[in-house]
Amino acid sequence: MAFEIHEECGVFGIVNSKNAAQLTYYGLHALQHRGEEGAGIVVRRHKLHIEKGVGLVNDVFNAERLSRLTGSAAIGHVRYSTAGGGGIHNVQPFLFRTLKEDIAVAHNGNIINAQQLKQTLEEAGALFHSSSDTEILGHLLSRHKGTMVERLIASLKYLDGAFAFVILTEGALYGACDRYGLRPLVLGQMNDGAYVLSSETCALDLIGAKYIRDLNPGEIVRIDREIHSCSYTKDTHHAMCAMEYIYFSRPDSVLENNNVHSVRKLTGRILWNEAPVEADVVIGVPDSSISAASGYAEASGIPNEMGLIKNKYVGRTFIQPTKELREQGVRMKLSAVSSIVKGKRVVLIDDSIVRGTTSKRIVTMLRHAGAKEIHVRIASPMIRYPCFYGVDTSTKEELIAHLMKIDDLRDYLEADSLAFISITGLKQAASTSQGLCLACFNGDYITNHITINE
Ligand code: SF4
């Protein structure tokens, strides 16, 4: 099976603000960790105007480019792409200039029936400008009549998979979530009354907006001076991506009333209960495993030390688009602190093992730095199945936990012991969540279209 389009992105939108583009720029900075390969902003000044490019938010937007974006409402997007899905044509938002009005769309997620929909639309005469599945929504909208909300209701019903959309028209800002709530989208408000939509609450905090609430699965909001809400389907249930808690979201963000740092810390405490080990020092892999490491250390009484230092100016390994770039990224991004690990029994806490490349290199690095024993503890269950909902956990043939049993994996990593948090433990850590997608751990896909042969 081919898995061409995988992306984990960040979306942001604001309406009724004098500084819509500037605040969107700040919002995208706060969401930069969700995608480092492209960024774009569309602003409303009567019609819609767009600026976008390949690279980090700072690379794409300089002062001169931002100054061109004046208006009272804006949406923005940061993007991660696979090797086949990169390039300026796939950088969002997408802007559709229709006879009736301009429509801009930014999307986080993955439409799993995209190929089928594209084929149907192309047979009906649609021309696609990108290989992104997001463009499908624009074509679906253009084929329906009525108000924008009516057209959205009619269009979203065709889409299966994961989506959090922010959409800007000449009349209003819209947000829409898939029926499972796989991708987070939160609503906030500024002191001056401007409303904000964002993938994470950390962007609200950065611009001084107050969190109002999460959007519900299947919900559409239309925001102008007020918020109007409806659903495109009654067939909904909560299944937030568990990887949002484990890896993607920033620790200061709040998901479903859970502070992400607190959930991660709890995974560390639970890991200690499930897989204790005698050791001298606990070391978390920076940055996303620091919270879990503090939980493990607190629960065990073993000192938590900074035994690995991250070079902040190298991109995240997991979300680099090619194998070569990922391997280069691991070599460049971490250093072991010999004075902390030399002669010690180390508990190494990491958030996940996907392909195994990073974990193996870190274990080797700690050995070279003089660690006597290395006990690897992972704050997510074994990732044994691919994700089809927009997270690049790769094909199952590349997932090391799919290929190896835990003892073989321990030997491959050259660790002294290896343990993963159980699925029950993870659920316990995110206990106030209304429901989690756990498909990459247990193969239980929430949509109907997917079956995996063992
Ligand atoms: S399969 Fe895994 S990565 Fe994908 S949405 Fe579900 S929990 Fe998240």
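Points worth noting:
- Length gained on full extension, K210 to H89: 40.1 nm, using 0.36 nm per residue less the C-alpha separation.
- Shown is the FRET efficiency for E274 and S229, computed with R0 = 45 Å from the Cβ-Cβ distance and rounded to the nearest 0.05: 0.65.
- Once the Kirkwood radius over Cα pairs is known for segment 350-450, the Stokes-Einstein relation at 37 °C and 0.692 mPa s delivers a diffusion coefficient of 225 µm²/s.
- If both residues of a DSSP beta bridge must be in the chain, then about 80% of such bridges are antiparallel.
- Placing a label point 7 Å from the Cα of S262 along the Cα-to-Cβ direction, the residues of segment 284-307 whose backbone N falls under 18 Å of that point are 291-296, 298-299.
- At 0.890 mPa s and 25 °C, Stokes diffusion of segment 10-237 via Kirkwood alpha-carbon radius, µm² per second: 143 µm²/s
- Dipole in debye (nearest 20) - segment 222-311, about Cα centre, beta carbon charges: Lys, Arg +1; Asp, Glu -1: 280 debye
- Between V337 and H237, full extension at 0.36 nm per residue minus the direct alpha carbon distance yields a gain of 31.4 nm.
- Options G425, S291, S72, ranked by Cα towards positive dipole end of the chain, top entry (Cβ charges): S72
- Dipole magnitude for the chain: computed about the Cα centre from +1 point charges on Lys and Arg Cβ and -1 point charges on Asp and Glu Cβ, it is near 680 debye.
- Per-residue ellipticity at 222 nm, computed for the chain from helices alone with -39500 (n - 2.57) per DSSP H run of at least four residues, works out to -7500 deg cm²/dmol.
- Measuring only protein heavy atoms, the 1.4 Å probe finds R79 accessible over about 10 Å².
- Rg/Rh ratio calculated on Cα atoms of segment 258-442 (Kirkwood radius): 0.94
- Extended-chain gain in nm, criterion 0.36 nm per residue less alpha-carbon gap, T424 and L403: 5.3 nm
- Cα-only radius of gyration and Dmax that characterise the chain, units Å: 22.0, 71
- Surface analysis of segment 10-237 yields an accessible area of 37 Å² per residue, using protein heavy atoms and a 1.4 Å probe.
- The label-point distance for E150 and S67, in a model that sets each label 7 Å from Cα toward Cβ, rounds to 4.5 nm.
- The peptide list 268-280, 340-352, put in order of mean Cβ contacts within 10 Å with the highest first, becomes 340-352, 268-280.
- Legend: calculated FRET efficiency, Q115 to D59, from the Cβ-Cβ distance at R0 = 30 Å, rounded to 0.05, equals 0.40.
- Centre-to-centre separation between the Cα atoms of segment 176-204 and those of segment 253-290: 26 Å.
- 0 to 90° range, to nearest 10: angle between helix 290-300 axis and the chain longest Cα axis: 40 degrees
The values are calculated or read from the model by the stated rules, or taken from the named source; none is laboratory data. Predicted model, so just to flag it, every value in this text is computed and none were measured. Reconstructed Cβ throughout: ideal geometry from the backbone, glycine too, with neighbour counts over all protein chains shown. For the accessible areas, the whole protein counts, side chains as well, though only heavy atoms, and no ligand, DNA or RNA atoms are used. Shrake-Rupley method; radii C 1.70, N 1.55, O 1.52, S 1.80 Å.
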